[in-house]
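Take a look at the structure set out below.
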Amino acid sequence: MSSSILTARNLSKVVTSTEGELTILHDLSLELISGDSLAIVGRSGSGKSTLLGLLAGLDLPSSGSVVLAGNDLARLDEDQRARVRAEHVGFVFQSFQLLDSLNALENVMLPLELEGHADARQRARTLLERVGLGQRLTHYPRQLSGGEQQRVAIARAFAAEPAVLFADEPTGNLDNHTGERISDLLFGLNKEQGATLVLVTHDERLAHRCQRLIRLEGGHLVDHVEP
Amino acid sequence: MNHLPFTRLLSLASRQLLRDARAGELRVLFFALLIAVAASTAIGYFSTRLNDGMLLRATEFLAADLRLTGSSPSAPEQISNGKQLGLEHAQLVEFSSVVASDAGIQLASVKAADSAYPLRGQLKSAAALYDTEQVGPGPQPGEAWAEARLFVALNLKPGDSIEVGAKTLRLSRVLTFLPDEAGDFYSLTPHLLMHLDDLDATGVVQPGSRVRYQELWRGDSEALTQYRQSITPTLAPNQRLEDAKDGNRQVGNALGRAERYLNLASLAAVLLAGVAVALSAARFAAKRFDASALLRCLGLSRKQALGLFSLQLALLGITASLAGALLGWLAQLTLFSLLQDLLPAQIPPGGLWPALAGMATGLVALAGFALPPLAALGRVPPLRVLRRDLLPVPVSSWLVYGAALLALGLIMWRLSLDLQLTLALLGGGLVTALLLGGLLLLGLQSLRRLLAGASLPWRLGLGQLLRHPLAAAGQSLAFGLIILAMALIALLRGELLDTWQDQLPEQAPNHFALNILPAEKEAFSTRLSQLSPHPAPLFPVVPGRLVMINGEPVRQIVSKESQGERAIRRDLSLTWAADLPADNTLIAGSWWDEVNTSELPGVSVESELAQSLQLKLGDRLSFSVGGLNRDAVVNSLREVDWNNFQPNFYMIFQPGTLQDLPVTYLTSFYLPPQYEKQLVELSRAFPAVTLLQVEALLAQLRSILAQVTLAIEFVLLFVLAAGLAVLFAGLQSTLDERIRQGALLRALGAERKLLITARRAEFGLLGASSGLLAAVGCELISFLLYRFAFDLNWQPHPWLLLLPLIGALLVGGAGVLGTRRALNVSPLTVLREG
């Protein structure tokens, strides 16, 4: 039986604003085993990104718990959570989030170096070749198109062979054709590495490539589909 | 939206500004401006007021703010003119006359003054010889005060009568201090002060007699300037106007240097302020690219968008300038009240000009540095709302920064009124910046190769620098400029103070002894060496007048109001010497030890006098000495250090040329203040010798130096504060990018320690290179300034090599501190950004 890699129990997130308290996530639980892929869909403001942030340990819930690769995130401080992310987590963002000061190769090397891999350069090069950017290794983000930047970001996300990959609207900033190619790449690499994929998206077609799908509305889980 | 009236644009701009302010968007720019204006206002007030205060002190040497002197009485309208302007007035007539008593006669320098004299400074006198001196008004009609040496020479005591011409006066008190004679060491005859009302009765002043008429004026500077302007065209050839700066050479020199230094320091503050404003204005513009694109999408024309942001900037500038001027004014008030004891009692309030200049500084710096990036805002393509990577087309940066530099140069020049200093500072800064900026760029490029094998934190930190080498070079230059300005001000402070201290050593001679007879020479010298450790040598003196140059009467050659004119108006102290005196430097010709080929004896002439009299080597000078004519040929020209309180001479003859004439000796020496009694004894033992105390002048100079020192320290503090403000403004301008980067690295799993190390590497290197730039620039500019502005000797300063280390620590520390927000930012930000 596959073990659980990511468990969320009774997650709630409440923020305080000038107009009082606002609950943006209500009592949400889910469990993912290795190799699972989960799509989180919903309208803007439904709490998708908040949930992603909590699952990845970028933020802490107001109540409830997240256990990621055996680590109860609420019990860790920010630096300890960072270590967990470095070891087990990869990210792909809508706006690519590459470091302007590093070239493509260095951007991909980054998570490997954070983890202390000796062969970071070689692995990064192989991955960039895998995503079709073998000729653009020394190019800086500014010199790359949106699709190319996202491919660098995907290579970076898979570089450290994470147990869980979080992707936040990975095709949101791209045209249909490029978006299609990026999602192929994402799912292909995910399959190769056997990572767990958590994907936030508006794109129903992309969502349906995942094994499971949850739909959020006003912070509530309204639909849970397991095809 | 083609018809957007100005009032709507203004209200839109002010509402937008308020919103931005509430959101904390304007903090950096506002504070950069605030500090810029506050620093230049405070320094402006401080130097203006201190300068006025020091000038006020210096006016005591004239006994007035402004003095009109002439060899004939002033025209009635020259006097009524000043009175109409509301100036206070005193009248003084000076002449030499024989004073007679039953015991004999003595030549005296007589001053006949009205009751208003002196308008500045105080008269001091004593009830009896060697009694304690008191401050008070001058003699009444019918009375006279005389110096102790006149009492001694004529064997008089207070209460006795003397005759000045046809008038008999009662010698009521012993004159101990005349403010306007404190600087004149060379008056050979004792002074007598009498009331102007008695002058006619003496019958001494006749047409053709040698008399100096003085009109003394006192009042506010505006009225004085007006008076000066109105009277200058009416001056007769024999009339001259003097103010405190002309009045005394030593004080004038000290004031001049202090003024230049304070100017320099405020210019440095202005320069720093400009950099701070430039950095934060660029950020202001960059943060408004999106807003500008949106407004263009909403239908605002390019001109309107530009107008909107310009108005915002103008409103911000005016608010910050007003607040800054107020802050600067309060800062200097606080300082003056803290330093009350050290400063002159009366310090003029300084007027509005420093505040206006401070505000202008802020606004011009804002316009010069903020308008270029603002102009870019107007050119943001509306498409940016869809494609955030679209940036406005840049204007030629040469044009932009050329305009900004020109604006800055104009302010600096207006503030200092010193083109040379402005150009040295600005030109030196610019040349240094260009040269070193280029070198820095090359250095950064070669660093890239080295860096490939470096560890992650170094690559992260330095990658930031290498990614934008031009920006990094610019930043390094900006920080370098701060360190340079601070180092330069510190350097000059030390150097100027040392120079002044050297001029006025603790035991500078504070007494002069004149009229030592040849028969008493040995005895006096022996007695003096028991009292004072290192008296100056005894110089022979023969009074003589220069009458002809190359056979032409000297009066026809010399222009009015020149130093030469002053020198030939009275007897000069002629001397001879076998060796060149200490502190004299030969600049032309040769000293006596080389063969004198001329038939006539040689004479060495002080260089400034020589220039004023247009003398050159080989000119033939005729002197009238004791009724005889003596000729000599100009053999050499000497520079003389007039600040050294030693006997100095305009004319030094070859030994053997004047010995046959009646000679007396002159020396100077230091006597501790508690030796008052010994001084009286010395004076009694050698009644013919004239002892002059110059302690008052020395004390005055020392107090001016103390004030200047204080001012310099205060100004340095301000420059430091301005420099740090710039540093933080510079860091703020890159903060957004750093926050994003910090959040991303945290999301990817980087620990805080790694981020801190990367920051340290980045800012440490930035600081070290800034320090290196500063060290090189500082040497270059100090060389120019010493050479051309301060007239000091330049030597290399090895301690400047510490600047790279200081820079690394300062910028490194401030960098980590100033960007700690980027370290503490929640990694969640990366999701929000998306």
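Compared with the dominant principal axis of the Cα atoms in chain A, helix A:176-193 is inclined by about 90°.
Take every Cα pair under 8 Å whose residues are at least 6 apart in sequence, average their separation, divide by the length of segment B:69-247, and the relative contact order is 33 percent. For segment B:67-72, the Karplus equation 6.51 cos²θ - 1.76 cosθ + 1.60, evaluated at θ = phi - 60°, returns couplings of 10, 9, 10, x, 8, 10 Hz by residue, with Gly and Pro reported as x.
Accessible area buried by the pairing of A and B, both sides summed with a 1.4 Å probe, works out to roughly 2900 Å².
So, with a 1.4 angstrom probe, what is the percent of accessible area on segment B:69-247 that is carbon and sulfur?
Values: 3840 of 7970 Å².
Taking all protein chains in place, segment B:69-247 shows 48 percent carbon and sulfur surface.
The residues of segment B:736-750 occluded by other protein chains by 10 Å² or more of accessible area, set against the chain on its own, are B:Glu737, B:Arg740, B:Gln741, B:Leu744, B:Leu745, B:Arg746, B:Ala747, B:Leu748, B:Gly749, B:Ala750; surface from heavy atoms, 1.4 Å probe.
Peptides A:131-139, B:314-322: what's the order by average Cβ count within 10 Å, highest mean first? Don't skip to the end; give the middle numbers.
Values: A:131-139: 15.8, B:314-322: 19.7.
Ranked from most to least packed, the peptides come out as B:314-322, A:131-139.
Candidates A:Leu189, A:Val66, A:Gln97 compared by Cα position along the dipole of chain A: farthest toward the positive end lies A:Leu189, with charges placed on Cβ. Less than 5 angstrom separates the built amide H of A:Ile33 from those of A:Ile5, all sequence-distant by 5 or more or on a different chain. Here is the list for segment B:739-794: chymotrypsin sites (Phe, Trp or Tyr not before Pro) lying in DSSP coil, each with at most 15 other C-beta atoms within 10 angstrom of its C-beta, are B:Trp794. A cut-off of 5 Å between modelled amide H atoms, ignoring neighbours fewer than 5 places along the same chain, links B:Asp65 with B:Trp217, B:Arg218, B:Gly219.
Could you sort out which of B:Lys124/B:Lys167; A:Lys13/B:Lys287; B:Lys287/B:Lys753 sit more than 27 Å apart by Cα distance in this structure? With Cα atoms farther than 27 Å apart: A:Lys13/B:Lys287; B:Lys287/B:Lys753. Taking amide H atoms as placed 1.01 Å from N in the peptide plane, the amide H of B:Gly602 lies under 5 Å from those of B:Val633, B:Gln654, each 5 or more residues away in sequence or on another chain. Sort segment A:25-103 into rounded, prolate or oblate with this rule: let a ≥ b ≥ c be the square roots of the eigenvalues of the Cα gyration tensor; rounded if a/c is under 1.5, and if a/c is not under 1.5, prolate when a/b is larger than b/c, oblate otherwise. It is oblate, given that a/c is not under 1.5 and a/b is not larger than b/c. Using the Cβ-Cβ distance between A:Lys191 and B:Asp736 with R0 = 35 Å, the FRET efficiency computed as 1/(1 + (r/R0)^6) comes to roughly 0.35. Checking the Cα-Cα distances for B:Lys111/B:Lys616; B:Lys521/B:Lys616; B:Lys157/B:Lys677 against a 30 Å cut-off, the pairs over it are B:Lys111/B:Lys616; B:Lys521/B:Lys616.
The values are calculated or read from the model by the stated rules, or taken from the named source; none is laboratory data. Computed from a predicted model, the values in this text were never measured in an experiment. So basically every Cβ, Gly included, is an ideal-geometry build from the backbone, and we count neighbours across all protein chains shown. To get the accessible areas, we keep the full protein, side chains included, count just its heavy atoms, and leave off ligands, DNA and RNA. Shrake-Rupley method; radii C 1.70, N 1.55, O 1.52, S 1.80 Å.
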